[in-house]
Each structure stands twice: as structure tokens, then as C-alpha cells.
1. Add +1 for every Lys or Arg and -1 for every Asp or Glu among the other residues with Cβ under 12 Å from the Cβ of TYR42, and state the total.
2. Any idea which of LEU84, PHE14, PHE64 is furthest toward the positive side of the dipole for the stretch 1-120, if Lys and Arg beta-carbons carry +1 and Asp and Glu beta-carbons -1?
3. On the accessible surface of the stretch 561-622, probed at 1.4 Å, how many percent belong to carbon and sulfur atoms?
4. Rounded to the nearest 0.05, what FRET efficiency do SER77 and LEU28 give with R0 = 60 Å and r taken as the Cβ-Cβ distance? Could you check?
5. State the Cα centre-to-centre distance between the stretch 571-596 and the stretch 75-114 in whole Å.
6. Whole Å is fine, so just give me how far the alpha carbon centre of the stretch 687-721 lies from that of the stretch 295-348.
7. State the percentage of accessible surface on the stretch 24-177 attributable to carbon and sulfur atoms; use a 1.4 Å probe and exclude ligands, DNA and RNA.
8. ILE130 to LYS216: extension gain in nm, 0.36 nm per residue of separation minus the Cα-Cα distance?
Amino acid sequence: MGVKLKRFKPVPVFLTLLVLAAVCGLRLARLNFFTQLENITYDARMRAALHFPAQTATNLAFVFMDESSIRAVQDGSVGFHFGLYWPREVYGRVVAELAQQRAKAAAFDVLFKDLRPDHPLVEMTDGSFIHSDGYFALQLRRAHNVILADTGDATLPDLFTTNALALGDASTDNDSDGRLRRARAFTDYRRWNPLFQHAAAEYGLDLDGAKIEPGKIILPQIGTTNVVVVPVDAQDDFAVANFIGTNLPPGMAATARAFTMQRVWQMGIVLAAQALHLDLAHARVDLARGQIVLSGRGGVQRVIPVDAAGRFYINWRMTPNDPHLLREPIQGLLAENFLRLQGRTNGLPDAFRGKLVVIGSAAQGNDLADRGATPLSRSTLLAGAYWNIANSVLTGRFIRRASLPLELAVIIIAGLITAFLTWRLRTLAASGAIVLFMLFYTAAAFWTFIRFRFCLPLVFPIVGAMLMEHLMLVTYRVMFEEGQKRRVKSVFSKIVAPDIVNELLEAKTLALGGTRREVTVYFADIRGFTSFTDQSQARLLEYIADRQLSDADVEAAVNEEAREALSTINLYLGAVAGVIKRHNGTLDKYIGDCVMAFWGAPVSNDRQAVDCVEAAIEAQRAIYRLNLDRVAENQRRELQNIVAGAGVPRHKLPILTLGSGINTGMATVGLMGSNEHLFNYTVFGREVNLASRLETVSGHGRIIISDTTFRHLLRHDPALARACVALPPVKVKGIAAEVIIYEVPWRPAEGSPFDEELFSGKPSEGTSFTGIARREGA
């Protein structure tokens, strides 16, 4: 049969050119909507690239601060102790240790904006004392390899900048959707004369909003419409001829430069420049050609592709878990420095020799948290931008985007191919061909990015040139050449109601996102249920074998045994669940013979830890009372069995206990599930896992709480906290450090003659009447 040739028709050609012109016009308009769509495809390519090998530098390191670092400094395990907010002494010791280990350079992703004379003095080895800021500056000067973060928001103290190796720009330039994809290669910061800074503080002037005009500087006054005009020398727009008022500080000349411009390179670039010996002061910046050329010793050269604003794309190649990235918590360096100061240098490592080190935060739930949205995820360590930028400079592997002429050429070529296929093939075949063409181009764009880090456009070529072109031409063919087919299709289109379509569309955009909340998590496990079911099944098998039951009787016996087992576990779980609800807890789920609940969400609760612990106490007592009733029932059954003699005995009720684990902390709360299955309002995260681990170590009839929960009790119910018993720290699965735990007492003071057997932890089908009689002297 072959492909039918179509005679030339002007309308399809006109439509083809019209669509191409519209798509190219939209591309030139740079609308934010299409930019965000293109960014989504870019993010997908960046995430896909992580799964393929790529050239990576091996001399990068990350010294991080997290929750364990805070605890280590608080408890003094590093040789000294401070609270949550550390004095500069801590960072000075880190600098000193990295210098001792011969680190090539160290970049602080920490902003040291102001001097802190309120910080405690530091005792030197000769017995003298020095201010914490001075100690930090001294270590900066001695190491001479430290890069300090600068964002331009505030002037860094001269004490630090004059002793540091360099400044590194740490400002972020997020895209409109809040994700960090690009960074400025450098920023030119305006450094105002101290006179202007003094006047701005005294008169409320907005230096950031200053307007520089020939012969004058116009400074708006914050909160008013007033402006202050400062005349400047006509020969030098930066020289102040007259200043506000006449009261100049002693020794200050009447004429001085109003401000100077300081170029601060991106911190990752500054870091890599130390290893490659790049001359940043003589970099060739050509924004018109979209490149910055950095030259170094031995003919080393790096060309950074940038846009007109000097921004380049961050190659997020190295995640925090990359095997080529050396990672160490800051407390490790502090402990090594403490040993070094004591003269105990034998065996100290030099893992950071020759390394380019980024020092920043990896915390998640406190003021140290430094996370944000990137192409990789919504919560990425932002310190990773610096080592990834440094990695790009070291390897010379930058992300390059197609130029505007190339993008337009790709759009036109894709549109012409689409028009040819749509017009030459039958409608169904043409649609299939276009789908294959779109898949091929998408795969090619992904492969080009992964292999060469070259980013081809996806949205305009696929959605505009291919899809829109195809739809326009198909619509024309359907309307004017395939009327019968159009009418048939219209019949099917009426079957689906608009409201149903809207509902499905909404379901497709349903997000299972959550929120970070402080919650208290409670795990309560019914102990002995597995042993009970094993004994019950063994007893059932013996019963079946002894009586040689028929298949129908066997099925009936098995079903009865299952009902009894389910009734037993439901009795115990129901008792616990009832207590949870009475104490305003959120019953999360049943996990086999375990109950999971939490407090603090969806409604916030300052006393969540107290409510949870009180619920755990009441649950234990409810189980205790239930067991006493079952022990009494077992006594009656044993007496009945003795009286009945050889008749069918009544089996004793199982006696089960409760093990409880409680922890308080930050966790993710929200709906979990999928579109195909049920949703569950639940909580998950590290602190939830810790609560589960504490339940496993609680044993029989005990309540174990974490140190965080205990501290909450101290604040909100000191009496309950005083009743808790400190236990030796324990190691639990999934937690590196030992966990501090406490036991919450709950047993009645008067006790019961059955307590020994109730809390023995041994599997029990039921308390023996004869054993009880012996204990009571019967």
C-alpha cells in the first residue's frame, strides 16, 4: 500500500509556520510558566545523572555540624562544653586542627557578622587569656588557608577579614520556584565608608537603596519619603565633598571615598582556586560571550559558562554520601584537637591532608539547619553547593545550556519534522510516529546531559514544536477531511462528564506531602502473644490428632482457635487504644500485636510528653487489672477442671504483658500511601524509629522513655520526672551513639501475690492455681 502522497495545500503550510512562529515568540518572551516547566525537566535530568558514573574530584571534604555535634559539645566529650550557640573558640579549634592535618583550604559556610565580646575568654597554652574573637582571628592568621562566607548583608569584622585567606560569596540566587539551580560566579559588593554606616545607623538611612547620580548620592530614609542628598566631587563620583552635618569622628578627613567596590567570588570557586592556583584577581570576564576564563600556573585554565548576569548552573554531582567526599562530624576534629593540645599526638590522623574542606551544617531540626530545595530534592544540604561548584572547577566539568540561536533552530527543525510526519502519514500512524519522535528526542536530551552535561531544551521542542504542531494539523485534518471520524469521536467524548474529568485531574495532582512537627511517639507491644499462639496451635493439633476429627470438624476447630486468638489480642489492644484516645493521642496504626500512637499532631500540644507518659502508665495499669481478672478466672477454671475430673478441661486464659517505648522529637507528619491504596495519617522519621527501638528494650511490663521526653517532663511535670529512674545508656539498632533512657514506674504500691508471675517475662498460658495456692499457704 505504502504512504499516500498528499498534494500541496497552503493551509497546512500556513498552520505549520504559524505554530513555529508562536512557539519561537513564546521562547523569546521568556515567560515564567515555561521557564518553570523547563526547570522541571532540568531537575529530572540532574537526578537521573546521579545514577551514572562521572569524573569526580577526590580532594574534597565536608566537616559537618548536626544534632550529635551539639550534644557532644554540650556534654563535654570534646574536652570542653558549651550550649547550643557556640563561641568563636570552637571554630578556631577546628581551624587549628585542619591546619595541623595540612588541609589545603577550608571554607566556612558560617557567617561571622559581628564581634562577640560576650563570649568567654580562651586560655592559651602559656596561661594567658584571649577573647574568643581574637582566638579565632589568631587561628585564621596561623592557618592562612581559611575562606570566610560573605553575603553582603553585613560587613564582616576587619579582625576576621584581614586574617582570613579570602572571602567567598555565600549568597544564594534561587529561581522563582525556590530551588537553587544557579550561582553567581562573583558578586561586586559596595563597601560603604564608615561615615556613611554611622550616619545610616543614626538617621535611619537605607544604604541598599542608594542612588548614585552625577555629583550626588541620594539616600532614602527608612519609613519616610524623605531623602538625604550627599554632594560628591564632580571629578570622582565616589569622593565625598561634604557629609551630613559637621561632627566628623576625630582623625577623619573631610573628604573621603563614599564607598569602594569589592569583587567576591563564589566560595566554591575560591576553594577550588587554592588547589589549581587560579588567579581570580585577573580573571577574564566576558558576559557578552557568556564565559569567564580563569588561568593558573602551568597553563591551567578553566572556562565557566555564564549568563548575562554572571550566573552558572550548579552541577549537583556529589551528594553528601558520595564515596569520593570525605565526611567527618565537627566533634571528631574538636576531640582530635583536644588530644593534640594535651600532647597526645600518637595515632592522630591526617585524613584532611591536601583536602579542600567545606565546613557547614547538616542539622535538620534546629537553628543550625541549612537545607533548601535543589534539583535533587526539596530538602538538600545547601553546603553541598560549594563542594559541587569546587568539583566542577577542579574537573572542568560545567553544565552548559544551549544558546538561544541553537534553541530556536532545534524548535524549527523539530516542528518541520513533526509537520512532515503528521501530513504524510495516516492520523493514527502519525500520532504513533510523533510519540516515538518525542520519546527519542527526550532520551537524546537526557543522554546528552548525562554524558556531556549539555542541556538541550525540552519543553518548547516537545510541547510546542511537536505536540502543538501535531495537534493543529490533526485538528485541521479532522475538521475538514475526516468529518465522519470526528462525529464518531464526538460520541465517545460525551460519555465522560466534565465533573468526573475535573475530579480525576485533581487526583493526579494530589500530593502526599507532610510537615515537620515535634511529636511524642508511643509504641506499646503485647508481650507473650506469639508464644500464646504457638501453644494454642500445638494444643489444637494435639486435640485434632487425639480425636481423629473429620475435615469439616478440623476446619471448625481451626476457625474457633483463630477467633479465640483474635479475641485475645483485640481485648489487650482495645484496652491500650481506649487509654490513648482518652488522653487525646492520635492512634496511628496496629502493627501485628503492637500499637503505635503519637501526640502533638494534628493538634499542637505543649504537654504532649506528659500526656503520652500518663497514657502509658494508665495503659500498663489497665493491662495489669485485666490480667488480675484473668488470673481469677483461671483459678475458677482450674477448680472446675478438678471437679469435672476426666471431662473436657477448660483451658486457662493467657496472661500477656505490655512493653512500652516513648520518644519526643521532630518528625514528618502527614498522609502516607498511594493513589491506588489507602491513605494513612502517620508520622515517620528518626525519632519515630528511636521510639520503636526503645519499645524493643523495654521488656515485660516496663515503660522506657528517651532523654528528650524526660526533659519535657522536667519542664511540664517535675513530679512525674522525679519519679523516673535513670538507666544505663543503651545501644539500639540504627542509632550510632548510645541512647540515654529512663524507666517510668507505674506498678501499684500494694502489689499483688501474682506480680512475680505476671512480670516474669516467661510465656504463660495462664497463672497456675496450685502455684498461687502454695504462695498463699493454701
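The values are calculated or read from the model by the stated rules, or taken from the named source; none is laboratory data. No experiment lies behind these values; they were computed from the predicted model shown. Glycine also receives a Cβ, built like all others from the backbone with ideal geometry; neighbour counts cover every protein chain displayed. Only protein heavy atoms, including side chains, enter the accessible area calculation; ligands, DNA and RNA are left aside. Shrake-Rupley method; radii C 1.70, N 1.55, O 1.52, S 1.80 Å.
1. In short, +3.
2. PHE14
3. Here it works out to 52 percent.
4. Values: r = 61 Å, r/R0 = 1.01.
Between SER77 and LEU28 the formula returns 0.50.
5. Between the Cα centre of the stretch 571-596 and that of the stretch 75-114, the gap is 47 Å.
6. Centre-to-centre (Cα) distance: 39 Å.
7. Carbon plus sulfur share of accessible area: 53 percent.
8. 26.5 nm
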